[in-house]
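Inspection log for the structure reproduced underneath, given as structure tokens.
The values are calculated or read from the model by the stated rules, or taken from the named source; none is laboratory data. What you see is a predicted model; the values in this text were computed from it and never measured. Cβ: placed from backbone, ideal geometry, glycine included. Neighbour counts: every protein chain shown.
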Amino acid sequence: MNEHLVSVIIPCFNQARYLDEALKSVFEQTYKNWECIIVNDGSEDDTETIANKWVNKDNRFNYIYKKNGGLSNARNVGLQNAIGDYVQFLDSDDYISINKLEIQIKDLITHDISVCDYFSFTDGTKDKAPHKYLTPFFSQLNYKKEIIWDWEYRKSFPPHCVLFKRKLIPENNMKFNENLSNHEDWEFWVKLFYSSESLFNNSEVLAFYRIRNGSMSTDFVPMLKGFLQAAKILQDFFKAENNEELHKLSKEKYKEVYHKNRVPFLKKIKNKVYSKLAFCYRYVRKN
């Protein structure tokens with residue numbers, strides 16, 4: 001089993017304060033045959049210093065600096081440089097259990113993709129983040145449909161839950177969509193699941209997901225826009241694939257996202273308008 005190389009891909013942008021913990025969790029893996037590709041996406045903090053510390057400590061770490069191009073671009077650069085049999089994504093502000101690779105690599109003997117359980121914690125603590133967990137597990141018979149229909153409202157997972165066979169990437173000409181400002185992971189996972197033959201649900205908690213205040217995932221309006229854009233891209237993808245069932249499901253997902261978020265979106269806009277009117281009223285009275 002140890003002949004299989006795992007490529008761990010870590011994109012970094014101005015998160016040096018977390019990077020050391022992420023790299024330490026890779027370094028301490030009980031499964032030893034890995035390479036770790038650290039992609040510095042034009043950071044202006046101490047990311048390079050932290051990365052070089054681990055590169056100098058262990059030659060399994062590989063450091064790449066590039067001009068800022070966004071998360072999807074950084075992950076794509078990592079994929080382009082990966083030579084492993086399997087791929088493990090890890091964001092620089094998260095970390096993985098020390099036995100994650102050892103446990104999940106066994107799943108890939110008979111499956112193309114393995115998804116483990118995860119723990120969401122609040123930044124600055126190790127406390128469970130309230131209301132920040134959805135089951136990451138999909139039916140082994142219907143996972144290609146469920147990843148479309150159930151995403152974010154009923155099921156979800158952070159990227160580092162997944163270990164998958166790298167051959168799926170070149171065989172299907174896959175990469176992250178660099179035109180998406182968010183939900184690029186969902187669009188990628190839908191296509192990866194679609195291209196695979198089988199998926200394994202691993203009940204072990206092997207991924208640790210940090211919830212930070214002010215992160216992109218907490219900004220409602222741009223997240224909604226990205227979600228709808230990704231759903232439209234998937235509609236076009238399945239139409240080109242002549243897969244009527246998944247094309248229709250993608251259209252239904254678009255409608256669900258739009259209608260489910262329409263009321264809170266309008267309320268947010270309404271509150272902004274009222275706030276501006278109140279400011280104008282106070283200004284007129286004062287002057």
All positions within the stretch 23-63 that are more than 19 Å from ILE83 (Cβ to Cβ) and acidic (Asp, Glu): GLU28, ASP41, GLU44, ASP45, ASP46, GLU48
The stretch 44-92, residues that are closer than 15 Å to PHE164 by Cα and of a type in the set (Phe, Trp, Tyr): TYR86, PHE89
Residue within the stretch 160-178 that is surrounded by 19 or more Cβ atoms within 10 Å (Cβ to Cβ), acidic (Asp, Glu) and under 17 Å from the mean Cα position of the chain (by Cα) present: no
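To keep it simple, each residue is scored yes or no on (1) closer than 16 Å to HIS247 by Cα; (2) modelled with pLDDT under 95; (3) in a loop (DSSP other than H, G, I, E, B).
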{"position": "SER139", "(1), (2), (3)": "no, no, yes"}
{"position": "LYS144", "(1), (2), (3)": "yes, no, no"}
{"position": "PHE164", "(1), (2), (3)": "no, no, no"}
{"position": "LYS175", "(1), (2), (3)": "no, no, yes"}
{"position": "ASN179", "(1), (2), (3)": "no, no, yes"}
{"position": "GLU187", "(1), (2), (3)": "yes, no, no"}
{"position": "VAL190", "(1), (2), (3)": "yes, no, no"}
{"position": "GLU204", "(1), (2), (3)": "no, no, no"}
Looking only at the stretch 2-36, and only at residues there that are part of a loop (DSSP other than H, G, I, E, B) and either touching a helix residue (DSSP H, G or I) at 6+ places or on another chain (Cβ under 6 Å) or among the aliphatic types (A, V, I, L, M) (or both), the one that is surrounded by the fewest Cβ atoms within 10 Å (Cβ to Cβ): THR30
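Criterion first (surrounded by fewer than 21 Cβ atoms within 10 Å (Cβ to Cβ), over 24 Å from ILE9 (Cα atoms) and of a type in the set (A, V, I, L, M, F, W, C)) does VAL221 satisfy it?
yes
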Any hit, the stretch 147-165, residues being over 23 Å from TYR209 (Cα atoms), in contact with a helix residue (DSSP H, G or I) (Cβ under 9 Å, 6 or more places away or on another chain) and not aromatic (Phe, Trp, Tyr): no
Any hit, the stretch 150-159, residues being under 26 Å from ASN68 (Cβ atoms) and either at pLDDT 95 or above or not in a loop (DSSP other than H, G, I, E, B) (or both): yes
Answer from LYS253, LYS239, LYS248 - the residue that is in contact (Cβ under 8 Å) with a residue 40 or more places away in the chain, assigned to a helix (DSSP H, G or I) and more than 17 Å from the chain's Cα centre (by Cα): LYS253
Candidates ASN202, ASN261 - the one that is among the polar types (S, T, N, Q) and surrounded by fewer than 19 Cβ atoms within 10 Å (Cβ to Cβ): ASN261
Pairs, first over 15 Å from SER72 (Cβ atoms) in the stretch 211-234, second modelled with pLDDT under 85, C-beta under 6 Å, six or more apart: LEU224/ASN261
